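Comments concern the structure below.
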Amino acid sequence: MPDISTSQKIVMKKIVIPGQLSFLLVAFFALIIITPLVAAPQPPAKSQMLADWQRAKEYTKEYLDAMPEEGLNFKPTPEMRSFAEQMLHLTNANFMFAATASGKANPYQGKNLEQLPEYKTKAALVKVVLESYDFVTNALTGTTDEQLAGKIKLFNRDMSRDLAFQKAFEHQTHHRGQTTVYIRLKGIKPPNEKLF
């Protein structure tokens, strides 16, 4: 390889550095423009959340319909909640999360529905469970987009009202899902998945 003189090295540096600088400047400005567009995932639109809650209500009703009245007190093991208690736990939480997220009064404030004897029949159980879903959708409908972005405290955590509604959805999905095992153990085929 031929030997490069000092003057040639200086010329090469002058040529290379401006090219590298241009590339870095373009990359920097592209990063500034693109980052806000992809940085933070956006919460689901309220219309999608309402559709998901309506679907969840219908799916939970299918679970309630699948379990016969004599199976409401069934527990897979003695230390677990019964089928009815799982559904009432989900119901209590639906009311609590939606009331906290929306600021609306919880109609069952201070009551542990799992312990109340009036919800031991299938008709009463179905009624109060579905009422909780209606409470959530009404609370969500009455909450503006600006309010959804507002901060609240839930379980000693700061979060947006929107996130509280999302956590409520996650909670009811978890407890309804647990009852799949109860239904199977009673020899009944549980409802098919209802993703859409």
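Note on segment 157-179: among residues that are without any contact (Cβ under 8 Å) to a residue 24 or more places away in the chain and not in a strand (DSSP E or B), the one that is surrounded by the fewest Cβ atoms within 10 Å (Cβ to Cβ) is Glu170. Total residues in segment 89-139 satisfying the condition of being of a type in the set (Phe, Trp, Tyr) and within 13 Å of Ala168 (Cβ to Cβ): the figure is 4.
Out of curiosity, is Leu154 surrounded by 10 or more Cβ atoms within 10 Å (Cβ to Cβ), out of contact with any strand residue (DSSP E or B) (no Cβ under 8 Å at 6 or more places or on another chain) and within 27 Å of Ala66 (Cβ to Cβ)? Considered against the rule, which asks whether it is surrounded by 10 or more Cβ atoms within 10 Å (Cβ to Cβ), out of contact with any strand residue (DSSP E or B) (no Cβ under 8 Å at 6 or more places or on another chain) and within 27 Å of Ala66 (Cβ to Cβ), Leu154 comes out as no. Considering only segment 124-147, I want to know if a residue exists there that is farther than 17 Å from Trp53 by Cβ, surrounded by 12 or more Cβ atoms within 10 Å (Cβ to Cβ) and in contact with a strand residue (DSSP E or B) (Cβ under 9 Å, 6 or more places away or on another chain). No. When Asp158 is tested against (1) over 19 Å from Ala56 (Cα atoms); (2) of a type in the set (D, E, K, R); (3) not assigned by TED's automatic domain parsing to the domain that holds Pro76, exactly one condition is not met: (3). Kindly indicate whether Leu116 is in the same structural domain as Leu50 (by TED's automatic domain parsing), under 19 Å from the mean Cα position of the chain (by Cα) and among the hydrophobic types (A, V, I, L, M, F, W, C). No; evaluated as a whole, the condition is false for this residue.
Is it true that some residue in segment 59-79 is surrounded by 16 or more Cβ atoms within 10 Å (Cβ to Cβ), touching a helix residue (DSSP H, G or I) at 6+ places or on another chain (Cβ under 8 Å), of a type in the set (Lys, Arg) and at pLDDT 95 or above? Looking through segment 59-79, none of the residues is surrounded by 16 or more Cβ atoms within 10 Å (Cβ to Cβ), touching a helix residue (DSSP H, G or I) at 6+ places or on another chain (Cβ under 8 Å), of a type in the set (Lys, Arg) and at pLDDT 95 or above. Residues in segment 96-122 that are among the β-branched types (Val, Ile, Thr) and out of contact with any strand residue (DSSP E or B) (no Cβ under 7 Å at 6 or more places or on another chain): Thr121 alone.
The values are calculated or read from the model by the stated rules, or taken from the named source; none is laboratory data. Just so you know, these numbers come straight off a predicted model, no measurement behind them. Glycine also receives a Cβ, built like all others from the backbone with ideal geometry; neighbour counts cover every protein chain displayed.
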